[in-house]
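Here is the structure we will look at.
The values are calculated or read from the model by the stated rules, or taken from the named source; none is laboratory data. None of these values were measured; they are calculated from a predicted model. Positions of Cβ are backbone-derived with ideal geometry, glycine not excepted, and every protein chain shown enters the neighbour counts. Ligands, DNA and RNA are stripped out before the accessible areas are found, and what is left, the full protein with its side chains, is counted by its heavy atoms. Shrake-Rupley method; radii C 1.70, N 1.55, O 1.52, S 1.80 Å.
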Amino acid sequence: WGRGLDRIVEVAQILKKDSQKHITFIVIGDIKLSRKLPGQLGEVARNGGDFAEYASVSGVADMFDFVGHIPNPKSLLSNCDVLVKPSRESNPWGRDILEAMALGKPTISIGTYSRFIKNRKTGVLLTQYQPRELADVIVWLSKNPAIAREMGRRAKKLVRETCSVSMAAEKLTKVWNN
């Protein structure tokens, strides 16, 4: 819920209405839903459904590929064009973001923390969730693969510079020496 995965269904509905059916969302991991969730999402869960069922009743199941848990998400992520994390927590970073960036993938997320997602440089950082705006960004990146590749190149460089083991060891050594 906090990661906002259900928001992707709303974005998919917009894309489908706009005839952008070539876009596929790949969902990795557990798709169980809590019965405590609000609205139609919770209703689907209370009827025994999961996120795939929610996408189905929302009319966009054909735009999703649910792969479940995989031991090495890197292998699948490396073949994706972009990572989208429409967080409700204004949390545009985390392991998923860093892994995508390390693989040279641009990322799209929601929030104001710009340590990793540098808007229009390493990905797209939206200050608030607006489904139309998110859909438009996804289409824009799909129509501009050279821009997406350049964002991914910059993302990979940023992660290499800020998260490398040697860099962390060097910083820690300086702390100890001081």
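At a glance:
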quantity	calculated
Of Lys74/Lys121; Lys32/Lys156; Lys36/Lys105; Lys32/Lys74; Lys16/Lys105, those spanning more than 29 Å from alpha-carbon to alpha-carbon	Lys32/Lys156; Lys36/Lys105
Accessible area per residue, Å², segment 75-128 with all protein chains present, probe 1.4 Å	46
Choice from Lys121, Lys21, Lys156 showing the highest fluctuation, given a GNM over the chain with Cα pairs closer than 10 Å	Lys21
Per-residue ³J(HN,Hα) for segment 100-117, Karplus 6.51 cos²θ - 1.76 cosθ + 1.60, θ = phi - 60°, Hz, x for Gly and Pro	4, 4, 4, 8, x, 9, x, 10, 10, 8, 10, x, 10, 6, 10, 5, 10, 7
Centroid-to-centroid separation of segment 53-68 and segment 86-104 [C-alpha atoms, Å]	22
Tensor-based shape of segment 45-178 (alpha-carbon gyration tensor, a/c under 1.5 rounded, otherwise prolate or oblate)	prolate
Total formal charge among the other residues, if their Cβ is under 11 angstrom from that of Asp50, Lys/Arg +1 and Asp/Glu -1	-1
P(r) tail fraction, segment 1-116 - alpha-carbon pairs more than 18 Å apart, %	54
Solvent-accessible area, 1.4 Å probe, carbon plus sulfur percent, for segment 54-139	48
Euclidean distance between Cα centres, segment 1-37 to segment 127-169, Å	20
Net charge dipole size for the chain [Lys, Arg +1 and Asp, Glu -1 on Cβ; Debye, nearest 20]	700
Ellipticity estimate at 222 nm from DSSP helix runs (n ≥ 4, -39,500 (n - 2.57)) divided over the chain, nearest 500	-14000 deg cm²/dmol
Estimated vicinal HN-Hα couplings, Hz - segment 68-84 in sequence order (Karplus 6.51, -1.76, 1.60; Gly, Pro = x)	x, 6, 10, x, 10, x, 4, 4, 7, 4, 5, 9, 8, 8, 7, 10, 10
Amide proton proximity set for Ile108, modelled H, under 5 Å, gap of 5+	Leu83, Val84, Lys85, Val124
At R0 = 35 Å, FRET efficiency that the Cβ-Cβ distance of Ser166 and Ser90 yields, to 0.05	0.65
Largest-first principal axis extents, alpha carbons of segment 107-178, Å	51, 26, 12
Acute angle (nearest 10 degrees) that the helix 145-163 long axis makes with the longest principal axis of the chain, alpha-carbon atoms	50
